[in-house]
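Only the coordinates and a few stated rules stand behind these numbers; no lab work does. These numbers come from a predicted model, not from an experiment. Here the Cβ positions follow ideal geometry from the backbone for every residue, glycine too, while neighbour counts run over all protein chains shown.
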Amino acid sequence: MARLHGILFFKIFFISTLLSVTFAHDASDKVLAKKIFGNFTSPAKLSPESLGKYNNGCLNGGVELPVKGATWQHINSKRGRNWGHPTLIDFTKDLSEKVTEFGWKGLYIGDLGNPRGGATPYGHAAHQVGLEVDIKFKKPKSLNLSFRESHNDHRYGKPAFKELNVVSKNQKNVNSYWTREHMNILKAAAKDERVNKIFVNAAIKVWMCKNAKSEGRSWLMKIRPERGHSEHFHVRLKCPEGSPNCINTPLWNKYKNVDGCDKQLAWWVTERLKPKKKVVKKTVKKTVKIKKKYKCTHARCYLPEDLPKACLRTLHFNN
Ligand SMILES: [Zn+2]
């Protein structure tokens, strides 16, 4: 009898442990992933691993970039988005040191990611797997700005840090704040083996296509045209070793000697900027139509169960 009790106890213990591991997350709560991940102040202390896609994933073993270093200062540190995979932290420090060769004191660093990665409560779709960092175009005068001076997120007081916009109002060219030093920095970043791609405003890439040396231009392919990105550039690293479930976006190294200075790039600063033709609305007969329910598929709407399964472990991991 005692033995039977023992087995029964073991069974109950085993099943309940299994349940608590598997179902600790209560899906019926419908709490958005961005809220849960945005609230973490500590990483999941597991071996470093980027999980999932850049815009749908999470991070184990996150490392914090100190707010200030010899060659960098993190901007908007109150957001707590100064975490990343160790490779990203190393890359960020390395690039900030490298730019001293171009006459810069260092770099102002924008958002990396949450301590456990995942969606951010506001601002980004990507930055989820600890492999992305935004870097400001503003050349630092001081890397010892005060709390106020290093913030421009209105949630934390009156914005004081002024961004530097390097693109003209019509979005077709760079403006007078753009310098060759900026290109040198972007080139150094793109030539780094760890980098997958870099997003900049299309007008910036157009300038670089015209002004980069004619030989050895394959690094230019990694510089990708985007909207926005006129005050900072966004660096995305390749999936690092030890992250078998991290999903790279297509790598550009197969396009040897191709620079991406093509028709598609020209489209960004011509056709795309043309005012849209007004669509004349046809009078619709008043019939009762059942409206299709709008399904939000953006990162801001993800529930934890929309993330890779392994991220549920990250989410519930108790250090
Ligand atoms: Zn970014």
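Odds and ends about this structure:
- For chymotrypsin sites (Phe, Trp or Tyr not before Pro), the sites in the range 91-147 that DSSP calls loop and that have at most 13 other Cβ atoms within 10 Å are Tyr122, Phe147.
- Gain in span if fully extended, Lys213 to Tyr294, counting 0.36 nm per residue against the direct Cα distance: 24.3 nm
- In summary, the aspartates and glutamates within cross-link reach of Lys158, defined as a Cα separation below 20 angstrom excluding same-chain residues under 8 places away, comprise Asp111, Glu149, Glu231.
- Pairs exceeding a 22 Å alpha-carbon distance, out of Lys197/Lys276; Lys68/Lys191; Lys53/Lys197; Lys35/Lys295; Lys205/Lys254: Lys197/Lys276; Lys68/Lys191.
- Taking a span of 20 Å or more along the helix axis (Cα atoms) and a mean Kyte-Doolittle hydropathy of at least 0.5 as the rule, the DSSP H helices of the chain that qualify are 2-23.
- Kirkwood-Stokes translational diffusion coefficient of the range 140-181, alpha-carbon pairs, 37 °C, 0.692 mPa s, µm²/s: 268
- Residue with peak Gaussian network fluctuation, the chain [Cα springs, cutoff 10 Å], from Lys197, Lys295, Lys30: Lys295
- Amide H contacts of Asn152: Asn76, Ala160, Phe161, each under 5 Å away and 5 or more positions distant or on a separate chain (H built 1.01 Å from N in the peptide plane; Pro and chain starts excluded).
- For the Cα trace of the range 114-241, dividing Rg by the Kirkwood Rh returns an Rg/Rh value of 0.98.
- Dividing the Cα radius of gyration of the range 183-319 by its Kirkwood radius returns 1.12 for Rg/Rh.
- 5 angstrom amide H check on His232, placed H, neighbours 5+ away: Phe137
- Amide proton proximity set for Leu303, modelled H, under 5 Å, gap of 5+: Ala33
- Rh (Kirkwood; distinct C-alpha pairs) - the range 32-274, Å: 18.3
- Magnitude of the charge dipole, the range 32-274, Cβ model with Lys/Arg +1 and Asp/Glu -1, debye to 20: 660
- Cβ-derived FRET efficiency at R0 35 Å, Ile247 paired with Arg227, nearest 0.05: 0.90
- Only beta bridges with both residues in the chain are counted; by DSSP, about 70 percent of them are antiparallel.
- Positive dipole terminus of the chain, leading residue within Gly57, Ala125, Pro140 (C-beta point charges): Ala125
- Within straight-line cross-link reach of Lys30, aspartates and glutamates at Cα separation under 18 Å, skipping those fewer than 8 residues along the same chain: Glu305, Asp306
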